[in-house]
Amino acid sequence: MKRWPLHAADRDLAAPVVRDVLAGIGTAHLAASYLAAMQRVLPVTFCTVFAVGGSGRIETVSAASSYGNTAERTAERYVAQRFDLLDPNMVWLAARKLPQRAQLWLGHHHAADVADPAYRAACYGDVGIRERASVLLLLPTGQRAAVSFYRSLAQPDFSAADFALLEAHAALLADATAAHGRSAVAAREAASPAMASRLLVLSLREREVVGHLLAGKTAKETARDIGIELTTVRTHQYRAFRRLGIRTLKELLML
């Protein structure tokens, strides 16, 4: 398990990569945008984005994978079982003294380096993940974030060239993640703490559907954007409304 500090450097990044990263800001597809961007330059299977506030409350959870919704289901387990309290990256960031300016690191570890067996099984063994490379961000406010890219058992270990590519894009990923936290979605939740706390009872997919509905999308448009069947959207909408104690879209917007 290794971590090393990163320093700002001017590098020319490919326009399609930058475009893909920025496209996810303020949307429910943050990790999917990051994954698409980095797959342009190196092979990776999963991407997760976790951000925790200075108080320790989980603020951003986004996950995407190259196959199905495996990453989303894994992220749900991560949140439900508070694996952030066992995640070596998040624990290490939480223990650090608050800096005067934003700090960046690159972290790397293999599945075998994870001590807790339940966390190791849920986030590595059960989903065939070999290792993780992470861009780590710590802000003076105490907010900390990890943007992680994973390789499966079928892929080779990260190489020195791969780490160099991740380092080159680290500042872009960190800035985009911070911007996501300041987005209109975050502002709306901050303006309505009661609504934000109620949304935490929803699954990631239910929150994603609700987010599209709040953005003015129809169920049909939501299904197209997310890439699932319309009936599946309706099912997630029904479950979300039931958990929120509402029955109609009008009631959701009133919240």
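The values are calculated or read from the model by the stated rules, or taken from the named source; none is laboratory data. Just so it is clear, the model here is predicted, and its values are computed rather than measured. With ideal geometry, Cβ positions are generated from the backbone for all residues, glycine too; neighbour counts draw on all protein chains shown. SASA here: full protein model, heavy atoms, side chains in, ligands and nucleic acids out. Shrake-Rupley method; radii C 1.70, N 1.55, O 1.52, S 1.80 Å.
Observations on the model:
- Lys, Arg +1 and Asp, Glu -1 on Cβ, resulting dipole of the chain about Cα centre, debye, nearest 20: 740 debye
- Note on the stretch 15-41 and the stretch 125-158: Cα centroid distance 16 Å, given to the nearest whole angstrom.
- Difference of contour (0.36 nm per residue) and Cα-Cα distance, residue 14 to residue 126: 36.9 nm
- Folded to 0 to 90 degrees: helix 70-80 orientation relative to the chain principal axis, Cα: 80 degrees
- Coarse-grained scattering of the stretch 1-135 at q = 0.12, 0.16, 0.20 Å⁻¹, given as base-10 log I(q)/I(0) from a Debye sum over alpha-carbon atoms: -0.51, -0.94, -1.48
- For the chain, the convex hull spanned by the alpha carbon atoms encloses 127 Å³ per residue.
- Split the accessible area of the chain by element, probe 1.4 Å, and carbon with sulfur accounts for 55%.
- Highest average packing first - 91-99, 160-168, Cβ atoms within 10 Å: 160-168, 91-99
- When you restrict to C-alpha pairs under 8 Å that are six or more residues apart and normalise by the size of the stretch 28-109, the relative contact order lands at 19 percent.
- Sorting the segments 211-220, 109-118 by their residues' average number of neighbouring beta-carbon atoms within 10 angstrom, most packed first, yields 211-220, 109-118.
- Packing-based order for 61-67, 43-49, using average beta carbon neighbours within 10 Å, highest first: 43-49, 61-67
- Averaged per residue, the stretch 32-109 has 45 square angstrom of accessible surface, using a 1.4 angstrom probe with ligands and nucleic acids left out.
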